[in-house]
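Have a look at the structure below, then the notes.
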Amino acid sequence: MTEALKGIRRADLFAVGLFVLLCIAPQVQAAGDVLFTTSEMEGSKIWEGGGTIDLKGPVTLKVRNTMPSELGIAIDTMKVKEVIKPGEEKAITVPLENIDKTVSEHKVYCQLHPKHIPAKIKVAGK
Ligand SMILES: [Cu+2]
C-alpha cells in the first residue's frame with residue numbers, strides 16, 4: 001500500500017468517527033434538563049421521568065402529554081403549576097431562585113387528578 005492510500009484511509013476513518021459522534025451527541029441529555037411523560041398503568045395515570053439536578057443553574061422541565069386528556073404538572077418546591085394539553089409538549093424553565101434549596105427531593109405531581117401517581121426530581125449531593 002502506498003503512503004497516499006494510507007493517508008486517505010485515515011481521513012475516511014476520521015470522517016466516519018465524526019459522523020458517528022454527531023449522531024450520538026443530540027441524544028445526550030443537556031445538563032439541567034429533566035424529562036417527563038405520562039403513561040397509564042393498571043387504570044391509573046403515572047408521571048414518568050425525572051432525574052437529578054445540581055442547583056448550579058435554571059432547570060428545564062420537558063413535559064410531554066401523550067394522553068387524550070389534559071394533565072397537570074405541579075412542583076410546590078419549584079413554584080411550578082401548569083396544565084398540559086393533549087398532545088402538547090412544553091418546556092418549563094424554572095429559575096434557580098424559584099427552587100427550594102432545602103429539599104433533597106422534589107415531588108412532581110398532577111394538581112388535576114389526585115390519583116395521578118407522582119414522580120420526583122432528586123438533588124445531586126443531598
Ligand atoms: Cu393528571
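Please treat every number below as a calculation from the coordinates, not as lab data. No experiment lies behind these values; they were computed from the predicted model shown. Here Cβ is always computed from backbone atoms with ideal geometry, including for glycine, and neighbour counts include all displayed protein chains.
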Subject >> Built amide H within the under 5 Å cut-off of HIS113, gap 5+ >> reply: GLY72
Subject >> Only Lys, Arg (+1) and Asp, Glu (-1) charged, at Cβ; the range 33-123 dipole about Cα centre in debye >> reply: 100 debye
Subject >> Anisotropy class of the range 33-123 from Cα gyration tensor, a/c 1.5 cut >> reply: prolate
